[in-house]
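Report on the following structure.
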Amino acid sequence: MATRSETRDRKTSSQTRSGRTNDSSRSAFSFGEGSAAGAAPLLGALAAGAAIGLGANWARKFLMQKSESMAAGNEWDEILKLEHKATLAKFDLLLATDDSDTGKRAALVKTIHYALNKHAHQEEQVVYPALRQANETVDADHLEHEHGYVKTFLYELENMEKDAPQFLDRVREFRNLVAEHVRMEEEQVFPHFRGELSEEQNTKITMLMNKEGMKML
Ligand SMILES: [Fe+2]
Ligand SMILES: [Fe+2]
């Protein structure tokens, strides 16, 4: 057992003459007892960096959604039409690949997945609920039901070997489903609904849809 004087000697050896602790095991990232005051500037800098990062990310999403919205005249149905067109064009690129383009196929499937997720989120969170509120429940339910099959196709294509003999046939079937769904939205459901909306309601749906779209960027 150590005597009192030995214990005092040990304590003394771990301190400098100025009384500061001379503990070489404490790193610059040590936030333990006694380091709080020293860590405060570092924590502040980290928080500021995170805030700047978050702010920059928010600004990027805002600008992306804003530019898409402006290109479509800030009209929710025109924004959706633009997205339909862009996604169908990606399907056409995928259909133009051959079995040796496995990397390109995988990348395009990912791009289509991302685009359809964002698109479906906007419709399911804003447009279809607004349709139901306007007593267009049958159409809203039908369209949302089809989104379920879109997800099933995405699941299948993501997990299928990209040089599988049936790959392009499944892509073609998938594109046909999406094209038919898009036709119903663009030619029947959306124009009818749009005609029933006041300018104020229309602006509100566009604003809400852009807000949801930003979340998926
Ligand atoms: Fe849809
Ligand atoms: Fe759509």
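The values are calculated or read from the model by the stated rules, or taken from the named source; none is laboratory data. All figures in this text were calculated on a predicted structure; none of them were measured in a lab. Here the Cβ positions follow ideal geometry from the backbone for every residue, glycine too, while neighbour counts run over all protein chains shown. For the accessible areas, the whole protein counts, side chains as well, though only heavy atoms, and no ligand, DNA or RNA atoms are used. Shrake-Rupley method; radii C 1.70, N 1.55, O 1.52, S 1.80 Å.
Data overview
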{"read-out": "Whole-number percent relative contact order across region 67-215, with pairs defined as alpha carbons under 8 Å at least 6 apart", "value": "36 percent"}
{"read-out": "Computed label-point distance, nm, for sites E146 and H121 using a 7 Å Cα→Cβ extension", "value": "2.2 nm"}
{"read-out": "Potential extension, M184-L93 segment - 0.36 nm per residue separation minus Cα distance", "value": "30.4 nm"}
{"read-out": "16 Å cut-off, amide nitrogen to a point 7 angstrom out along R170 Cα→Cβ, residues in region 106-126", "value": "106-113"}
{"read-out": "Nearest-10 value in Å² for the accessible area of T102, using the 1.4 Å probe", "value": "50 Å²"}
{"read-out": "Label-reachable residues, region 119-159, where backbone N falls under 19 Å from a point 7 Å from E75's Cα toward its Cβ", "value": "123, 127-128, 131"}
{"read-out": "Largest-first ordering by accessible area, 1.4 Å probe, given options K66, K90, K215", "value": "K215, K66, K90"}
{"read-out": "Peptides 73-83, 186-196 ordered by average Cβ neighbours within 10 Å, highest first", "value": "73-83, 186-196"}
{"read-out": "Volume per residue of the C-alpha convex hull in region 67-215, rounded to whole Å³", "value": "102 Å³"}
{"read-out": "Surrounding net charge for N202, when Lys and Arg each add one and Asp and Glu each subtract one, Cβ distance under 13 Å", "value": "-4"}
{"read-out": "Long pairs among K104/K211; K90/K215; K151/K204; K81/K215; K66/K162; K104/K215, criterion Cα-Cα beyond 25 Å", "value": "K104/K211; K151/K204; K66/K162; K104/K215"}
{"read-out": "Accessible surface of region 38-154 [probe 1.4 Å, protein heavy atoms]: carbon and sulfur percent", "value": "65 percent"}
